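> Below is a structure I'd like to ask you about.
The values are calculated or read from the model by the stated rules, or taken from the named source; none is laboratory data. Given the structure is predicted, the values throughout are model-derived calculations rather than measurements. Positions of Cβ are backbone-derived with ideal geometry, glycine not excepted, and every protein chain shown enters the neighbour counts. Ligands, DNA and RNA are excluded from the accessible area calculation, which covers all protein heavy atoms including side chains. Shrake-Rupley method; radii C 1.70, N 1.55, O 1.52, S 1.80 Å.
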Amino acid sequence: MTFEVINLVFMCMGIAFSVLLFYRFRELPQGVNQKDHPAVSVIIPARNEEKNLELLLEDLRAQSVQPHEIICANDDSEDGTARVAQSFGATLVNLTNKPEDWTGKTWACQNGADVATGSLLLFLDADVRLGRDGLARLLEAYQNCQCTVSVQPYHVTKKPYEQLSLVFNLVQIAANGTTLPWKTNIGVHGPVLLISKTDYETIGGHASVRHCVVEDMAFGQKLKEKQLPYQLFLGDKDVSYRMYPGGLRSLIQGWIKNFAVGAAKTPLAAFFMSFFWIGSMANVPFYLLDAILKNKQPMIIAYGLLYPLWVVVLSILARKIGRFQQLPIVFFPVLIVGFIVIFFISLVSKILRLPITWKGRVFTGEDKE
């Protein structure tokens, strides 16, 4: 076999890995507007989330199933976060002087949980949006599996730079085991987490992961250590969010923060398949261009067929996880270059323990246990 044939086989294997990496997309069940549902305390950790918080609180007010209470843990915000929370009648927990051995989100979540009175705790990031039946569907999922429920929200994008998140979202979902055919979850999804207060206290709450920059992965590990099961789902119109609306800089900082720690904790099999999947996708346009420049007609035809096939694969996956535009998918090599650059920066930050800035606070590329 020539190198070109072997390489072509590997490129095809990369597409085949799409079937394994994204074998299933588990959606939340349709909610039942039951009256006798457990008391749910909604806890929203918020740092400078004035605009997002108002939208989320409006969504919560319109739910077909109403929560027992809404608690906003205001993490030393400098905007109108506290004012917005109070205007909607939410219980406000104002936090200042965060201890050095805590990250901001874990500090806010724990303090919110400490004052919660419901038997279930629902942690929601401020940028999450809920359709009218969002809470009902979360409760239905919990009632069905009788364990912790976590959701990766449907990703809504509006500006061109937000398209860069597509590959990151797919890799994050696959690497966490959410869509794999076998159960190998390494963590929960941080934006939406529904857990009983009993289980929360059993693992020590967010205090047990207080050092962790990527607390959702560490939280899942704590559940595993206590042999407490959890189920992961993917969101849709009823559970969505818009990541990094603050501009390209916030998107880069956010993904650097997540991948600097997350890659090292990904199970070997999932990491290998994800790496191979990305490598195959990245190499197809490269070898297509090489074949065109060298006028290798058979390879031009082969890679010319693989390129649109990747476009089809990405289009199908993109519709499952979010609202992404078709044009960037057609020119997916641009998305791949963005992914590789940010991943490389994350890797360097992890190895050299370089500082990472997020929401006005500085972290290192290391998660302490």
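> Give just the number: which of (1) open to solvent by 40 Å² or more (accessible area, probe 1.4 Å); (2) at pLDDT below 95; (3) among the aliphatic types (A, V, I, L, M) does residue 356 not satisfy?
(1)
> Any residue at all in the range 3-15 that's in contact (Cβ under 8 Å) with a residue 60 or more places away in the chain and either under 22 Å from residue 234 (Cβ atoms) or of a type in the set (S, T, N, Q) (or both)?
Within the range 3-15, one or more residues are in contact (Cβ under 8 Å) with a residue 60 or more places away in the chain and either under 22 Å from residue 234 (Cβ atoms) or of a type in the set (S, T, N, Q) (or both).
Conditions (1) in contact with a Ser or Thr (Cβ under 6 Å, 6 or more places away or on another chain); (2) at pLDDT below 95, marked per residue:
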| residue | (1), (2) |
| --- | --- |
| 11 | yes, yes |
| 14 | yes, yes |
| 18 | no, yes |
| 32 | no, yes |
| 36 | no, yes |
| 42 | no, no |
| 45 | no, no |
| 51 | no, yes |
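> Can you work out which of the residues in the range 47-64 that are among the polar types (S, T, N, Q) and either open to solvent by 40 Å² or more (accessible area, probe 1.4 Å) or under 21 Å from the mean Cα position of the chain (by Cα) (or both) is farthest from residue 238 (Cα to Cα)?
48
> Looking only at helices (runs of 4 or more DSSP H) that fall completely inside the range 195-298, which ones have 1 or more residues that are without any contact (Cβ under 8 Å) to a residue 60 or more places away in the chain and closer than 17 Å to residue 165 by Cα?
It comes to 248-262, 268-293.
> Does at least one position in the range 65-80 carry a residue that is under 20 Å from the mean Cα position of the chain (by Cα) and either outside any loop (DSSP other than H, G, I, E, B) or of a type in the set (Gly, Ala, Ser) (or both)?
No, that holds for no residue.
> Let me ask something else about it. When you look at residue 302, is it at pLDDT 90 or above and either in contact with a Phe, Trp or Tyr (Cβ under 7 Å, 6 or more places away or on another chain) or in a strand (DSSP E or B) (or both), yes or no?
Judged against the criteria, residue 302 is not a match.
> Which of the numbered conditions does residue 339 fail, given that it passes all the others? Conditions: (1) open to solvent by 30 Å² or more (accessible area, probe 1.4 Å); (2) modelled with pLDDT under 95.
Only one criterion is unmet by residue 339, namely (1).
> While we're here: Give the residue, chosen from 167, 149, that is open to solvent by less than 10 Å² (accessible area, probe 1.4 Å), within 17 Å of residue 259 (Cα to Cα) and in contact with a Phe, Trp or Tyr (Cβ under 6 Å, 6 or more places away or on another chain).
The conditions single out 167.
> Sticking with this one: Considering only residues that are farther than 30 Å from residue 141 by Cβ and among the polar types (S, T, N, Q), look in the range 65-98 and name the one that is surrounded by the most Cβ atoms within 10 Å (Cβ to Cβ).
77
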